[in-house]
Amino acid sequence: MTSAEIRKKFLEFFASKGHTIVPSSSLLPDDPSVLFTTAGMQQFKKYYTGEADPMKDFHSLNTVSIQKSIRTSDIDEVGDDTHDTFFEMLGNFSFGGYWKEEAIRYAHEFITKEMGLSLSYVTVFEGSAAVPKDEESKKIWQLLGVQDIREEGMKDVFWGPTGNSGPCGPTTEIYLKNKKGQDVEVWNVVFNEFFCDGSREQLLAGEAKLIPLAKKGIDTGMGLERLAMASQNTENIFATDLFAPLMRPLPETLDMGTRRIIADHLRASTFLLAEGVIPSNKEQGYVLRRLLRRVLTTEHRLHFSPQILEDVILSVIQEYGRDYPELVEKKNDIINQYFGESGKFKNTLGKGLKELERLTAIDAGEAFKIYASYGLPYEVVKDVAGEKATGFTRADFDAKFKEHQEKSRAGAEKKFGGHGLLLDTGELKAANEEELKKVTRLHTATHILQAALRNVLGLDVKQMGSDITTERLRFDFTFPRKMTPEEIKQTEKIINAAVSRAFPVSFREMPYEEAMKLGVLAFFKEKYPALVKVYTIGEEGKEAFSRELCGGPHVRNTSEVGEIKIAKEEAVGAGVRRIRAVVK
């Protein structure tokens with residue numbers, strides 16, 4: 001069964017069981033505690049905790065999705081048979097609609113009947129001091145005729161929260177065999193029955209509290225790559241139709257591990273570039289730069305044509321473009337950003353490699369100096385230096401990186417009079433009064449923009465995220481297609497009319513529930529306190545131009561914003577668009 005057939009079969013199977021098909025969310029989550037979307041459940045966290053209403057948003061208590069995901073924790077493992085950086089997570093979810101028996105039976109039916117595969121074995125939670133043994137799941141598997149049921153502990157079969165807190169619970173895992181006869185975990189069925197008030201690390205250390213959820217929920221995740229490996233009877237994920245076309249342009253003289261790393265890293269990089277991530281030394285951009293520079297170093301050292309790596313990127317776009325059209329739409333941007341990073345890196349790459357050759361032994365301090373001076377990330381130093389770099393680990397390198405960041409932050413605080421940033425909300429950052437004025441104007445502009453979009457495109461438009469710098473605003477919103485030039489022009493017209501009419505901007509505090517009854521717009525992925533600020537753009541006593549929950553800051557009058565220009569409108573993911581705008 002091809003990967004395209006698996007995707008289709010999975011969605012259709014759960015749709016037939018009463019699940020609403022929900023498009024993949026962006027790889028860039030709204031949760032500031034994580035860099036990337038790492039699982040399908042992240043876009044649904046609020047439905048497990050009761051902060052959002054699934055019936056209102058999906059007309060069902062059950063959903064199904066295929067989620068674009070990235071996990072940086074597996075970068076060091078890429079090159080083996082099963083680990084990758086970017087992957088697609090097949091998942092079915094229930095927010096109080098069904099519980100263990102249905103979840104396990106659905107999984108068993110899909111694997112054995114729809115896919116025609118045999119289970120190798122399953123795992124269930126053996127229990128702990130805080131949570132009892134999962135006897136119920138074990139009995140359900142036994143009734144389905146599964147003989148090999150293994151009990152494991154909290155480290156393996158208790159799913160911790162994503163980020164600093166969130167839903168969690170015991171799991172049951174499904175293992176299948178690959179062509180080598182090896183057992184591979186393919187599907188993880190999580191029984192979300194607790195809210196964890198700490199991270200997974202704190203949970204495992206016994207430092208986090210488990211609070212029973214008012215409504216129990218189901219959260220499952222199955223890696224498409226691993227399922228394809230079992231279905232297509234290959235020895236590893238790289239032999240499936242998801243990777244084989246990407247590896248075809250690579251020279252056969254390369255060892256298999258290197259071929260796999262290049263295919264994986266360029267696939268992940270292509271998706272990140274399509275999301276608008278730009279290679280940099282911070283956050284998501286830092287991860288993207290690490291991925292790209294690792295493969296660019298291989299190209300440089302082995303002297304093969306730059307066209308080869310471009311061909312791999314084009315293969316990613318071709319193979320995945322039907323399911324993720326944003327790749328096709330952003331093709332030119334992806335290629336241009338790739339070659340831009342390639343040009344920057346190659347200016348110092350040769351010098352960095354010579355420095356590595358000169359050193360007889362490399363510790364974390366030396367490795368970080370090479371990174372800071374020549375841009376060679378941890379993976380490149382390890383790959384190139386070999387035995388000379390065995391004396392330090394990624395944790396050692398990351399510690400040096402963190403130390404450098406803290407010194408830089410201290411320097412910034414000294415530069416700005418000992419106060420650091422005047423404003424840092426995650427979305428908004430300002431280092432001085434002048435920057436504060438700029439981001440305040442741009443933040444108010446996002447309110448005006450959302451109101452205009454809902455006027456032009458319809459009331460189904462909802463905010464999916466925003467990011468503001470002193471130069472521009474970025475606004476993500478739900479919409480199923482590309483905006484037409486006429487729609488963009490009309491949106492700009494409404495925006496600037498609101499600016500020219502000099503609407504007052506005011507706020508008042510009220511209970512959250514009262515605000516919702518008034519129809520105030522809220523960012524549904526945000527968690528709001530009991531008492532909220534409602535910002536209104538418009539004249540008192542008349543129908544407001546905009547009314548939203550927000551923490552500010554804002555201008556006092558829309559005339560202060562200035563003329564707004566939409567610089568770009570593009571896809572972020574299925575059903576999500578992005579606008580970049582500037583103010584003059």
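The values are calculated or read from the model by the stated rules, or taken from the named source; none is laboratory data. Note that the structure is a prediction, hence the values are computed from the model and not measured. Neighbour counts run over all protein chains shown; Cβ positions are idealised from the backbone, glycine included. Areas reflect the complete protein model, heavy atoms only, side chains present, ligands, DNA and RNA absent. Shrake-Rupley method; radii C 1.70, N 1.55, O 1.52, S 1.80 Å.
May I ask you to evaluate 6.51 cos²θ - 1.76 cosθ + 1.60, the Karplus curve with θ = phi - 60°, for each residue of segment 56-67 and list the ³J(HN,Hα) values in order in whole Hz, giving x for glycine and proline?
5, 8, 10, 6, 6, 8, 10, 9, 9, 8, 10, 9
Along the charge dipole of segment 145-284, pointing to its positive end and built from +1/-1 on Cβ of Lys, Arg, Asp and Glu, which listed residue (168, 232, 220) has its Cα farthest out?
My answer, from the dipole projection, is 232.
So how much slack lies between residue 301 and residue 102, counting 0.36 nm per residue of separation and subtracting their Cα-Cα distance, in nm?
66.3 nm
Which whole-Hz ³J(HN,Hα) couplings does segment 508-521 yield from phi under the Karplus relation 6.51 cos²θ - 1.76 cosθ + 1.60, θ = phi - 60°, glycine and proline marked x?
Ordered by residue, 3J(HN,Hα) equals 8, 8, 7, x, 3, 4, 5, 4, 5, 5, 7, x, 5, 6 Hz.
How much of the accessible area of segment 100-176, probe 1.4 Å, is carbon plus sulfur, in whole percent?
On the way: 1370 of 3270 Å².
C and S atoms contribute 42 percent here.
Solvent-accessible area per residue for segment 225-264 at a 1.4 Å probe radius, Å²? Before the final figure, lay out each step's value.
On the way: 1450 Å² over 40 residues.
Value for segment 225-264: 36 Å² per residue.
Quick one: which of 86-93, 308-315 comes out on top by average Cβ neighbours within 10 Å, and what's the full order, highest first?
Answer by packing, highest mean first, reads 86-93, 308-315.
What does the highest-first list of 392-398, 158-164 look like by mean Cβ count within 10 Å?
Put in order of decreasing packing, that is 158-164, 392-398.
Ignoring ligands, DNA and RNA, how do 60, 506 rank by accessible area with a 1.4 Å probe, largest first? Show your work: numbers first, answer last.
On the way: 60 15, 506 40 Å².
In descending accessible area the options line up as 506, 60.
Under a crude label model (7 Å from the Cα following the beta-carbon direction), how far is residue 182 from residue 201 in nanometres?
Result: 2.8 nm between the two label points.
Which Rg and Dmax, in Å, describe the Cα atoms of segment 1-156?
Final numbers for Rg and Dmax: 16.9, 44 Å.
Which residue, chosen from 254, 203, 184, occupies the Cα position most advanced towards the positive end of the dipole of segment 175-302, where the dipole is computed from +1 (Lys, Arg) and -1 (Asp, Glu) charges on Cβ about the Cα centre?
The residue sitting most towards the positive pole is 254.
Report the FRET efficiency, 1/(1 + (r/R0)^6), for residue 135 and residue 395, where r is their Cβ-Cβ distance and R0 is 30 Å, rounded to 0.05. Show your work: numbers first, answer last.
Working: r = 39 Å, r/R0 = 1.29.
Efficiency computed from Cβ-Cβ geometry: 0.20.
For the chain, what is the charge dipole size about the Cα centre, in debye to the nearest 20, if Lys and Arg each add +1 at the Cβ and Asp and Glu each add -1 at the Cβ?
Computed charge dipole of the chain: roughly 1480 debye.
Spelling out what I want: for every residue of segment 194-211, take phi, set θ = phi - 60°, compute 6.51 cos²θ - 1.76 cosθ + 1.60 (Karplus), and round to whole Hz; glycine and proline get x.
Values per residue, Gly and Pro as x: 10, 10, 9, 8, x, 7, 4, 4, 5, 4, 5, 7, x, 9, 10, 9, 9, 10 Hz.
What is the distance, in nm, between label points placed 7 Å from the Cα along the Cα-to-Cβ direction at residue 357 and at residue 512?
About 6.1 nm separates the two model spin labels.
Taking amide H positions as placed 1.01 Å from N in the peptide plane, with prolines and chain starts having none, which residues 5 or more places from residue 465, or on another chain, fall under 5 Å of its amide H?
So residue 465 has HN proximity to 476.
Quick one: if the Förster radius is 35 Å, what FRET efficiency do residue 151 and residue 481 give, using the C-beta to C-beta distance and rounding to 0.05?
On the way: r = 49 Å, r/R0 = 1.41.
My answer for the efficiency is 0.10.
Compute the accessible area per residue over segment 463-540, keeping the other protein chains in place, probe 1.4 Å, unit Å². Walk me through the numbers on the way to the answer.
Working: 4390 Å² over 78 residues.
Averaged over the residues of segment 463-540, the accessible area is 56 Å².
Assuming R0 = 25 Å, can you tell me the calculated FRET efficiency for the pair residue 328 and residue 369, based on Cβ-Cβ distance, to the nearest 0.05?
0.05
For residue 503, enumerate residues with amide H under 5 Å from its amide H, sequence gap 5+ or separate chain, H modeled in the peptide plane.
Amide H to amide H, under 5 Å and 5 or more residues apart or across chains, residue 503 pairs with 558, 559.
Roll a 1.4 Å probe over the protein heavy atoms and report the accessible area of residue 360 in Å², nearest 10.
120
Which value, in debye to the nearest 20, gives the size of the charge dipole of segment 314-369 about its Cα centre, when Lys and Arg are +1 and Asp and Glu are -1 at the Cβ?
Here the size comes out at about 320 debye.
Where q = 0.05, 0.09, 0.12 Å⁻¹, what log10 of I(q)/I(0) comes from the Debye formula for the chain, counting one point per Cα?
With no solvent term, the Cα-only Debye profile gives -0.24, -0.80, -1.38.
Dividing the Cα convex hull volume of segment 247-312 by residue count, how many Å³ per residue is that?
About 79 Å³ per residue, rounded to a whole number.
Determine, for each peptide in 116-122, 435-441, the mean count of other beta carbons within 10 angstrom over its residues, then list the peptides with the highest first. Walk me through the numbers before you get to the answer.
Values: 116-122: 16.7, 435-441: 18.7.
For the peptides 116-122, 435-441, the packing ranking is 435-441, 116-122.
What is the spin-label model distance, in nm, from residue 59 to residue 143 if the labels are put 7 Å beyond Cα along the C-beta direction?
3.2
Placing one identical point scatterer on every Cα of segment 194-241 and ignoring solvent, what is log10 I(q)/I(0) from the Debye formula at q = 0.13, 0.14, 0.21, 0.30 Å⁻¹?
For the requested q values the scattering log ratios are -0.57, -0.61, -0.70, -1.03.
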